[in-house]
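J.: Sending over a structure as structure tokens; questions will come in a sec.
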Amino acid sequence: MLQDHHSNLMRRAPALARLYETLRADYPTFLAAVKATAEHEPDDFVELGGAAMGWAESALGTDACQMIARGYGYFVTDVNRQHIEYCLRGRYKNKTYKEVYDSVYDNDSYMTFYHWGVFATLFLWRHHLRLYAFYRDSFLPLVAEKASLVEMGSGSGIWTAITARARPDCRLSALDISKSSLDIATRVAAAAEVGDRVSFTVADALTYESETPFDAGLSCFLLEHLEQPENLVANLARNVKSGAPVFLTAAITAAEVDHIYEFRNEGEVFRLIEAAGFRILEAKSAAPAPDPRFKFLPRSLGVIAVKKTTEHW
Amino acid sequence: MDELIEIVAQQLDWPAEGLSEHSSPVDTANWDSLATLRIAMALEVMHGVAFSTDELLKFNSIGAIRALLEAKLECR
Ligand SMILES: C[S@@+](CC[C@H](N)C(=O)[O-])C[C@H]1O[C@@H](n2cnc3c(N)ncnc32)[C@H](O)[C@@H]1O
């Protein structure tokens with residue numbers, strides 16, 4: 001049965017099958033969750049996991065599977081630890097953006113593992129795959145033909161590559177405050193063969209000002225990393241045209257080493273987005289299976305909104 | 001009954017008789033990454049030690065955990 005599953009995966013997505021094998025051999029404690037993802041979301045798992053691991057292998061060479069399995073192992077272990085502590089403490093560790101910047105975003109060796117870990121969660125976590133499907137099926141069709149998009153906090157560049165691959169007619173400007181993020185994202189974009197339509201800039205998403213506003217925008221998993229997430233949404237609003245569709249994601253009651261802003265429910269994120277001048281069109285809240293031993297259910301929320309064209313309430 | 005096996009059994013909610021030195025997350029029900037962390041935390045409390053993330057990533061069987069724990073206890 002396992003053998004069948006593996007040979008099937010090998011045929012459909014060989015790079016993903018190699019990662020699966022690395023996890024089984026060297027990081028078996030993470031296998032159960034990945035197996036569940038593969039079983040419950042087989043097509044999206046192969047579609048995104050196969051593509052992303054292909055990019056990772058051409059960006060990282062033969063070390064890719066080890067690098068990603070290890071990055072994923074570090075990331076998940078940290079997430080688990082933080083979540084256990086958070087459920088006992090009842091709030092995120094009281095960190096400032098400056099502390100996180102110094103210990104995380106400005107730390108090259110940490111950032112590399114970190115990014116490959118975050119990169120892998122998008123296709124190894126079942127609830128993140130559901131956000132990917134939501135983005136592909138509900139957001140991308142709203143983006144106008146030949147649109148220009150801005151991406152704030154592009155990290156490993158996985159959303160950048162997904163977008164540019166899915167929409168060969170569009171151009172993207174991706175920003176990140178961390179130079180090492182952009183180095184990885186540049187390699188991922190080259191591996192995904194979209195480098196000619198994507199530009200990467202080191203910039204602070206809170207203050208960045210484009211000369212011409214964009215036709216659409218996205219920012220994934222940055223809100224919860226900020227002391228004042230409303231400033232990000234406000235600046236996104238400033239940098240896109242009226243009527244522009246935007247896609248935002250946020251982590252809710254999900255503690256991680258660099259999560260500062262604790263969103264307690266979906267409504268808090270909606271209100272923040274609305275207050276910046278957007279109208280919410282659709283949202284998807286995705287979570288792992290609830291574990292009754294934990295007080296909080298960590299979840300990831302994806303929101304599709306448009307910048308309002310009139311001054312209605 | 002062996003203390004380590006008892007702890008693992010308790011954290012996995014699985015009968016201790018069904019576990020051996022070779023039991024690993026690949027062939028043991030309920031053994032996921034959270035269970036690994038809970039096993040580590042139980043050992044940390046019981047023995048007053050602390051495991052790093054690198055060490056946790058080597059918790060790949062009961063035998064491997066025993067070796068890591070013994071090495072830690074010897075260092076004290
Ligand atoms: C959790 S990662 C998410 C990356 C990517 N969007 C994803 O979903 O995989 C957050 C990213 O935001 C970047 N970042 C943090 N603060 C920022 C800021 N003020 N402006 C731009 N980027 C920022 C970090 O360097 C990091 O790459």
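J.: Among residues other than A:LYS307 whose Cβ falls under 10 Å from its Cβ, what is the net charge (Lys/Arg +1, Asp/Glu -1)? Show your work: numbers first, answer last.
T.: Details: positive: A:ARG238, A:LYS241, A:ARG279, A:LYS308; negative: none.
So the surrounding residues net to +4.
J.: Only helical DSSP H runs with n ≥ 4 go in: add -39500 (n - 2.57) per run for chain B, normalise by residue count and round the 222 nm mean residue ellipticity to 500 deg cm²/dmol. Show your work: numbers first, answer last.
T.: Working: 4 runs with 43 residues, N = 76.
Helix-only estimate at 222 nm: -17000 deg cm²/dmol.
J.: How far is helix B:62-75 tilted, in degrees, relative to the longest principal axis of the Cα atoms in chain B, given as a value from 0 to 90 rounded to the nearest 10?
T.: That helix lies at roughly 20 degrees to the long axis.
J.: Report, to the nearest 10°, how far helix B:33-47 tilts away from the longest principal axis of the Cα atoms in chain B, using its own Cα long axis and a range of 0 to 90°.
T.: Roughly 50 degrees, rounded to the nearest 10.
J.: So, in nm, how far is label A:GLU227 from label A:GLU209 when the simple model puts each one 7 Å beyond its Cα toward the Cβ?
T.: 2.2
J.: So, one more: Once a ≥ b ≥ c are taken as the square roots of the eigenvalues of the Cα gyration tensor of the stretch A:110-150, is the result rounded (a/c under 1.5), prolate (a/b larger than b/c) or oblate (a/b not larger than b/c)? Please list the in-between numbers first.
T.: Working: a/c = 5.27, a/b = 1.63, b/c = 3.23.
Here the stretch A:110-150 falls in the oblate category.
J.: Quick one: putting +1 on the C-beta of Lys and Arg, -1 on the C-beta of Asp and Glu, what dipole do you get for the stretch A:156-313 around its Cα centre, in Debye to the nearest 20? It would help to have the intermediate numbers written out before the result.
T.: Values: 17 positive and 21 negative charges, 83 e Å.
Magnitude of the dipole: close to 400 debye.
J.: Moving on. Which of the peptides A:81-90, A:232-241, A:7-16 is most tightly packed, and how do the rest follow, going by the mean number of other Cβ atoms within 10 Å of each residue? Provide the component values of the computation, followed by the final result.
T.: Values: A:81-90: 15.7, A:232-241: 21.0, A:7-16: 17.3.
Averaged packing, sorted descending, gives the order A:232-241, A:7-16, A:81-90.
J.: Any idea how far the Cα center of the stretch A:77-132 sits from the one of the stretch A:266-294, in Å?
T.: 18
J.: Taking each residue of A:26-38 in turn, how many C-beta atoms of other protein chains fall within 10 Å of its C-beta, and what is the average? Walk me through the numbers before you get to the answer.
T.: Numbers: counts 3, 5, 12, 16, 5, 6, 10, 3, 1, 2, 1, 0, 0.
Other-chain Cβ atoms within 10 Å of each residue's Cβ, averaged: 5.
J.: To check my understanding: the extent here is largest minus smallest coordinate of the Cα atoms along each principal axis. What are those three numbers for the stretch A:143-194, in Å, largest first?
T.: That works out to 31, 20, 11 Å along the principal axes.
J.: Please determine, in degrees from 0 to 90 and to the nearest 10, the orientation of helix B:3-12 with respect to the longest principal axis defined by the Cα atoms of chain B, where the helix direction is its Cα long axis.
T.: 60
J.: Using the Karplus equation 6.51 cos²θ - 1.76 cosθ + 1.60 (θ = phi - 60°), what ³J(HN,Hα) coupling, rounded to whole Hz, does each residue of the stretch A:206-218 give in order, writing x for Gly and Pro?
T.: Once rounded to whole Hz, the list reads 7, 10, 3, 10, 8, 5, 10, x, 8, 7, 7, x, 8.
J.: Tally Lys and Arg at +1 and Asp and Glu at -1 over the other residues with C-beta under 12 Å from the C-beta of A:HIS127: what net charge comes out? Present the calculation step by step, with values, prior to reporting the outcome.
T.: Details: positive: A:ARG126, A:ARG130, A:LYS284, A:ARG299; negative: A:GLU41, A:ASP44.
Charge balance in the 12 Å sphere: +2.
J.: Could you give the size of the charge dipole of the protein assembly as shown about its Cα centre, using +1 on the Cβ of each K and R and -1 on the Cβ of each D and E, expressed in debye and rounded to the nearest 20?
T.: On the way: 38 positive and 53 negative charges, 165 e Å.
The dipole magnitude comes to about 800 debye.
J.: Mind checking which lysines have their C-alpha under 29 Å from A:LYS307, skipping anything on the same chain fewer than 8 residues away?
T.: Within the straight-line limit of under 29 Å, A:LYS307 reaches these lysines: A:LYS146, A:LYS241, A:LYS284.
J.: I've got another one for you. For peptide B:37-43, how many partner chain Cβ atoms fall within 10 Å of a residue's Cβ, on average? Don't skip to the answer; put the middle values down first.
T.: Working: counts 8, 3, 1, 2, 2, 0, 0.
Mean partner-chain Cβ count within 10 Å for B:37-43: 2.
J.: For q = 0.16, 0.21 Å⁻¹, what log10 I(q)/I(0) does the stretch A:212-253 give under the Debye formula with an equal point scatterer on each alpha carbon and no solvent?
T.: Reported log10 I(q)/I(0), two decimals: -0.40, -0.65.
J.: Please compute the average number of Cβ atoms from other chains found within 10 Å of each residue's Cβ in peptide A:68-77.
T.: Numbers: counts 0, 1, 2, 0, 1, 5, 4, 1, 6, 12.
Across A:68-77, the average partner-chain Cβ count within 10 Å equals 3.
J.: Further question: I'd like the distance separating the alpha-carbon centroids of the stretch A:153-232 and the stretch B:1-65, in whole Å.
T.: 41
J.: By the scheme Lys and Arg +1, Asp and Glu -1, what is the net charge of all other residues having a beta-carbon under 14 Å from that of A:ASP63?
T.: Working: positive: A:ARG18, A:ARG70, A:ARG187; negative: A:ASP26, A:GLU57.
Local charge sum for A:ASP63: +1.
J.: Right, another one. Relative contact order (percent) for chain A, with alpha-carbon contacts under 8 angstrom and 6 or more residues of separation?
T.: Details: 549 pairs, mean separation 51.0, N = 313.
Relative contact order here is 16 percent.
J.: Which residue, A:LEU301, A:GLY277, A:LEU9, has the largest displacement toward the positive end of the dipole of the protein assembly as shown when charges sit on each Cβ (Lys, Arg +1; Asp, Glu -1)?
T.: Final value for the positive-end residue is A:GLY277.
J.: Grab the alpha carbons of the protein assembly as shown, take their convex hull, and tell me the volume per residue in Å³. Display every interim value, and only then the final one.
T.: Working: hull volume 54.7 nm³, N = 389.
So the per-residue hull volume is 141 Å³.
J.: Here's another thing I want to ask about it. Taking Cα pairs under 8 Å and at least six residues apart, what relative contact order does the stretch A:261-312 come out at, in percent?
T.: Numbers: 52 pairs, mean separation 19.0, N = 52.
Over the stretch A:261-312, the number comes to 37 percent.
J.: Evaluate the Debye formula for the stretch A:1-119 with equal point scatterers sitting on the alpha carbons, no solvent, and hand back log10 of I(q)/I(0) at q = 0.15, 0.17, 0.22 Å⁻¹, in q order, two decimals.
T.: Log10 I(q)/I(0), no solvent term: -0.76, -0.91, -1.26.
Throughout, read-outs are computed from the coordinates displayed, never taken from laboratory work. Note that the structure is predicted; figures quoted are calculated from it, not measured. Cβ coordinates were reconstructed from backbone atoms using ideal geometry, including for glycine residues, and neighbour counts include every protein chain displayed.
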